[in-house]
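Report on one structure; see the data block that follows.
The values are calculated or read from the model by the stated rules, or taken from the named source; none is laboratory data. Worth saying up front: this structure is predicted, and the values here are computed from it rather than measured. Note that each Cβ is placed from the backbone with ideal geometry, even for glycine, and that neighbours are counted across all protein chains shown. Protein only, heavy atoms only, side chains kept; ligands, DNA and RNA dropped before computing areas. Shrake-Rupley method; radii C 1.70, N 1.55, O 1.52, S 1.80 Å.
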Amino acid sequence: MFERQMNGMRVLMTLILITTNSVVHSWSCHSDCICLSQKQILCNSGHLTFVPLRDLPNTLEHLSLTKNNLTYLPTDAFSGLRNLRKLTLDANSISSVESFAFRGLNRLRELSIQHTPLSSLKKFSFSGLQNVTAILLGYNQISVIDEYAFTGTSNIRLILLNNNPLHTVSANAFSGLTNVEHLILPSGIRHLQPDAFNGMDSVGLLKLSFMDLTSLKPHTFRGLSHVHVLAIQDSDLGVIRTDAFAGLKYVGSLNVLNNKIDSVQSLAVVRGNHIKHLRFNGNHVLVSPGQGAFAVVTSDGFTVVGNHFPCDCHLFRFLDGRPFGNMSADLFAGKNYCISPLELNGQPVSVVKQATVDRCLQTSPSAAAATSHVFAASIAVLCCVLLLHQVPV
């Protein structure tokens, strides 16, 4: 009986040794890494040129690979690390992230790729990160965001793109993103393609500032919905084209603040947009809007204060059409300012003499055109009379 028990113990110890050896064989800490545990590994400043997957346990939850020599991330770059929750890749030489580079990281919550030469976000770069809540992409060289770069990544709370030379946001660049609390784009954007934000739903703050656009194109915001605050500010917007806001739905506050605007073809916010409040404040509009250029329907109000317009006849004819609903022309004139003429620059619109305003209203564009035609006809008749009487001209 005793011998039988000893044999049983030997078998048990052998199994333990085999299991232990198997674990040790399957994972050993890479020489360039500090393995705090099988859940947290730091491979910082290790001169790594590739992700050492063979030396990383599948139990890993926090991996830091900062200050290495990684130059690109291939498809399935982190295959097998299905328990990873935080991944840091800052200060590498990463210039390219291939499609589906992070596929399989279904539990990843935070991803940071900052201070790298990464120049573009390719199609499907960040696809499949269903549970990531923060993607930090600041201080890179990103100039273009291609379509569907984030598709399938539906629960992001924060996308940080600050300090990138971003100049083009392609159509559907953010398609598929939902529950985004903050999307703050960097300064210097030159092209917002139509449908740039198509497919985004449930956004807390979308902030677009310090852009340099030739125009705010038709359908720029089509497909963007359920936004708490959409802020377009401190930018050169060029021309606000007709239908720029067509297809935008359910916005708490649409703020167009402190921009330079060449002209407004149409700023239309209709009942179907479901916008609670529109603030058009502090803008410099270089060409006075034509009649009907502003067509705004909101549930909680429309604020137009602190703007600068040319104080010309076009402006007063525009105001005569009561474009701002309940805001009277007098109230508008007291809260907005003149760009021109030079002697009135910076002065409230209200300083323009009423007699000048009355003359503008009496001389409509159609009347001016009719006067021009009468003058031309008179010149033609006079020329005929002179020729008939052979009077030298």
Cβ pairs under 7 Å, 6+ apart, first in the stretch 293-317 and open to solvent by 50 Å² or more (accessible area, probe 1.4 Å), second of a type in the set (D, E, K, R): VAL297/ARG271; SER299/LYS276; ASP300/LYS276
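The rows are residues; the columns are (1) in contact with a Pro (Cβ under 8 Å, 6 or more places away or on another chain); (2) assigned to a loop (DSSP other than H, G, I, E, B); (3) open to solvent by less than 30 Å² (accessible area, probe 1.4 Å); (4) closer than 21 Å to ASN140 by Cα.
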residue: SER45; (1), (2), (3), (4): no, yes, no, yes
residue: VAL51; (1), (2), (3), (4): no, yes, yes, yes
residue: THR59; (1), (2), (3), (4): no, yes, no, no
residue: LEU63; (1), (2), (3), (4): no, no, yes, yes
residue: GLY80; (1), (2), (3), (4): no, yes, no, no
Count of the stretch 27-42 residues which are modelled with pLDDT under 95, within 24 Å of VAL97 (Cα to Cα) and in contact with a strand residue (DSSP E or B) (Cβ under 7 Å, 6 or more places away or on another chain): 1
Unmet criterion (only one of (1) out of contact with any strand residue (DSSP E or B) (no Cβ under 7 Å at 6 or more places or on another chain); (2) open to solvent by less than 70 Å² (accessible area, probe 1.4 Å); (3) in contact (Cβ under 8 Å) with a residue 12 or more places away in the chain) for ASP90: (1)
Within the stretch 227-265, tally of residues that are open to solvent by 10 Å² or more (accessible area, probe 1.4 Å), small (Gly, Ala, Ser) and closer than 18 Å to VAL297 by Cα: 4
Filter result for the condition that a residue is without any contact (Cβ under 8 Å) to a residue 40 or more places away in the chain, closer than 22 Å to THR220 by Cα and open to solvent by less than 80 Å² (accessible area, probe 1.4 Å), over ALA333, ALA329, ALA355, ALA268: ALA268
Selection status of PHE100, at positive phi, assigned to a loop (DSSP other than H, G, I, E, B) and crowded, with 16+ Cβ neighbours inside 10 Å: yes
